Amino acid sequence: MALCWFLVHVLLFTSSSAHNDFFTSIGHMTDLLFTEKDLVNSLKDYITAEESKLEQIKKWADKLDVLSAAATQDPEGFLGHPVNAFKLMKRLNTEWGELESLVLTDVSDVFISNLTIQRQYFPNDDDQIGAAKALMRLQDTYQLDTGTISTGELPGSSLAASHRSVLTVDDCYDLGKVAYSEADYYHTELWMVQALKQLDEGEMSSTVDAVTILDYLSYSVYQQGDLERSLDFTKRLLELDPTHQRANGNLKYFEYQLAKQEKMGASEEAQTEETQRKGRPDDYLPERKKYERLCRGEGLRMTPRRQSRLFCRYFDNNRHPKYVIGPVKQEDEWDRPRIVRYLNIVSDKEMEKVKELAKPRLRRATISNPLTGVLETAHYRISKSAWLGAFEHPVVDRINQRIEDLTGLDVTTAEDLQVANYGVGGQYEPHFDFGRKDEPDAFEELGTGNRIATWLLYMSDVQAGGATVFTDIGASVWPRKGTAVFWYNLYPSGEGDYRTRHAACPVLVGNKWVSNKWIHERGQEFRRRCGLQETD
């Protein structure tokens, strides 16, 4: 692409020298990191105070230990001295009471108070479960084995980060338990096997033992139809705990079932059923495999001949006054439907201001229910978002105006700028931006018609994952900070272009910030497509 821009640069000044473009967000989790740091500092202050208190008690005990050792050797002689007699009375009447007060002094008040205040902002059980599910979603999408995740050596992560990002036996066990609670026996098996492996390698655990893990493993493997492995895990469990009641019962049941199968011979139907029960369970998304392949950069459908017809250029939108002298860089990402990318479309300063404005109001992103038209959260869209109006800050107004100048479309009827932050495993599964015929009320409350076009601005680079993929056409568009991609959702006739079905892939490593501008029908002239009219 560097060569491409060199050639465009040369062509521009030789041919036209006369004329001289995210359950939890990373943004909020960053705040939690600093909260935890403050709590650690508060905890260290508490430890220092406790150590100081214990040091005072120790000095007092050491002093009395020496004194009482000498006194008890000759009690009468010791007490025959009036000073010793007086000091004994004083110690027992006063000083031991002072020591009692010192021991009972609670120096944890400041730490406990701070912790109580901060706990209201802590994640809850649902958040922890959501993070576990996100990790398993990444595992599936990017075909990562549990060992890779456990060591922290993810694609795109730095060596230093990997060394700090390891999963313990307890962590692996907890992930397996989350999967088990969802009746997801496939992931239960994977993570319980990893927990057992780390135990076998000598890692210590304070909360779980091999017997408990083997109990989960035996059942999860049985639920997937593998009786032989269920029996093996059960036998190993009983070697460790011969009195385990459930395992003893399971052992007899598994042996009976296996003997029955061997005697009768496993039918083809039974074998097929067993095969179907293994592996990831089917879900609600029929294009799951295609979507995940594209997220990995696989399954792209662009022939070399079509690829050769994609170009980069300097773009002035039909000699727009703002861009005649300073045109923007434009690249073709796809041909049918046409998807273009604008480079260096916003500055770092502008993007940081947009993030700053959005952070305080980031909330779980919503979708429009196609039946009711009501906005609601959905399990297939996991990010946090905020809406920014043009009146809120000049930088938002400037970005809106830039979109209008470059696309030639009226943004006065467009939706506000939506800023989204994708956290751990953040994604938005395949969807359409426009309202379909079976959704007549999709944007009725806005009164501005359907969504003609989508402007998607990437406000961060992403180390791994996080692509925007188009499942119908087999295209993957990768985040590049400061660039924006643009496409039409509707044909000139107003009919929806079903080739624009797209998704935001889960973020594997990094922090993905984007902002969307959805431009609507009202106020537009379809015959003016500003050089972006496509031909099929």
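The values are calculated or read from the model by the stated rules, or taken from the named source; none is laboratory data. Since the structure is predicted, the reported quantities are computational estimates derived from the model, not experimental observations. Ideal geometry is used to build each Cβ from the backbone, glycine not excepted, and the neighbour counts take in all protein chains shown. Note: accessible area is taken over every heavy atom of the protein model, side chains too, but ligands, DNA and RNA are not part of it. Shrake-Rupley method; radii C 1.70, N 1.55, O 1.52, S 1.80 Å.
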Neighbourhood net charge (11 Å Cβ-Cβ; Lys/Arg +1, Asp/Glu -1) for residue 325
+1
Note down the nm distance, to one decimal, between modelled labels 7 Å out along Cα→Cβ at residue 105 and at residue 232.
6.2
For the stretch 285-354 and the stretch 42-87, distance of Cα centres in Å:
78
Cβ-Cβ FRET estimate between residue 197 and residue 50, R0 fixed at 41 Å, reported to 0.05
0.60
Once you place label points 7 Å from the Cα toward the Cβ at residue 72 and residue 401, how far apart are they in nm?
8.9
Quick one: how many Å² of residue 60 are accessible to a 1.4 Å probe, rounded to 10?
40
Between residue 239 and residue 262, take the C-beta separation as r, use R0 = 30 Å, and let me know the FRET efficiency to the nearest 0.05.
0.80
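Which whole-number percent gives the relative contact order of the stretch 163-237, counting Cα pairs below 8 Å spaced six or more residues apart?
Once divided by the residue count of the stretch 163-237, the mean separation gives 29 percent.
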With a 1.4 Å probe and all protein chains left in place, how much accessible area per residue does the stretch 26-132 have, in Å²?
75
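Can you give the FRET efficiency to the nearest 0.05 for residue 310 and residue 181, using r as the Cβ-Cβ distance and R₀ = 45 Å?
0.40
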Give me the net charge for the shell around residue 107: Cβ to Cβ below 13 angstrom, other residues only, Lys and Arg +1, Asp and Glu -1.
-4
Between the stretch 99-151 and the stretch 409-473, the alpha-carbon center distance in angstrom
33
How high is the relative contact order of the stretch 112-174, in percent, counting Cα pairs under 8 Å that sit 6 or more residues apart?
19
Under the rule of at least 5 residues apart or a separate chain, name every residue whose amide H is placed under 5 Å from the amide H of residue 442.
none
At a probe size of 1.4 Å, how large is the accessible area of residue 227, to the nearest 10 Å²?
20
Calculate, in nm to one decimal, what residue 349 and residue 204 gain on full extension: separation in residues at 0.36 nm each, minus their alpha carbon distance.
47.4 nm
Where a ≥ b ≥ c are root eigenvalues of the Cα gyration tensor, a/c under 1.5 meaning rounded, otherwise prolate if a/b exceeds b/c and oblate otherwise, the stretch 212-365 counts as prolate
Starting from the alpha-carbon convex hull of the stretch 294-336, give the projected area averaged over all orientations, in nm².
4.3
With every protein chain kept in place and a 1.4 Å probe, the residues 148, 207 fall, from largest accessible area down, as 207, 148
Along Cα→Cβ, 7 Å out, is where each label goes; now give me the distance between the ones at residue 418 and residue 166 in nm to one decimal.
4.2
Projected area of the chain, taken from the Cα convex hull and averaged over every viewing direction, in nm²?
40.8
Which residues qualify? For residue 490, with a placed amide H closer than 5 Å and at least 5 residues away or on another chain, they are 497
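With a sphere of radius 13 Å drawn around the Cβ of residue 443, what net charge do the other residues whose Cβ falls strictly inside it have (Lys, Arg +1; Asp, Glu -1)?
Every neighbour counted, the sum reads -4.
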Can you give the accessible area of residue 101 in Å² (nearest 10), computed on protein heavy atoms with a 1.4 Å probe?
70
Output ³J(HN,Hα) for the stretch 171-181: one whole-Hz value per residue in order, computed from phi by the Karplus curve 6.51 cos²θ - 1.76 cosθ + 1.60 with θ = phi - 60°, and x for Gly and Pro.
4, 4, 4, 5, 5, x, 5, 4, 4, 4, 5
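Once the cut-off is 17 Å, how many percent of the Cα-Cα pairs in the stretch 395-483 end up in the long-distance tail? Could you put the intermediate results ahead of the total?
Numbers: 2402 of 3916 pairs.
Tail of P(r) above 17 Å: 61 percent of Cα pairs.
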Once fully extended, how much extra length lies between residue 122 and residue 361, figured as 0.36 nm per residue of separation less the alpha-carbon to alpha-carbon distance?
84.3 nm
Judged on accessible area alone, 1.4 Å probe, highest first, 417, 54 line up as 54, 417
Please list the equivalent ellipsoid semi-axes of the stretch 479-529, computed as the square roots of five times the alpha-carbon gyration tensor eigenvalues, in descending order and whole angstrom.
28, 14, 9
Could I get the Rg over Rh figure for the stretch 140-265? Both from C-alpha atoms, Rh via Kirkwood, rounded to two places.
1.05
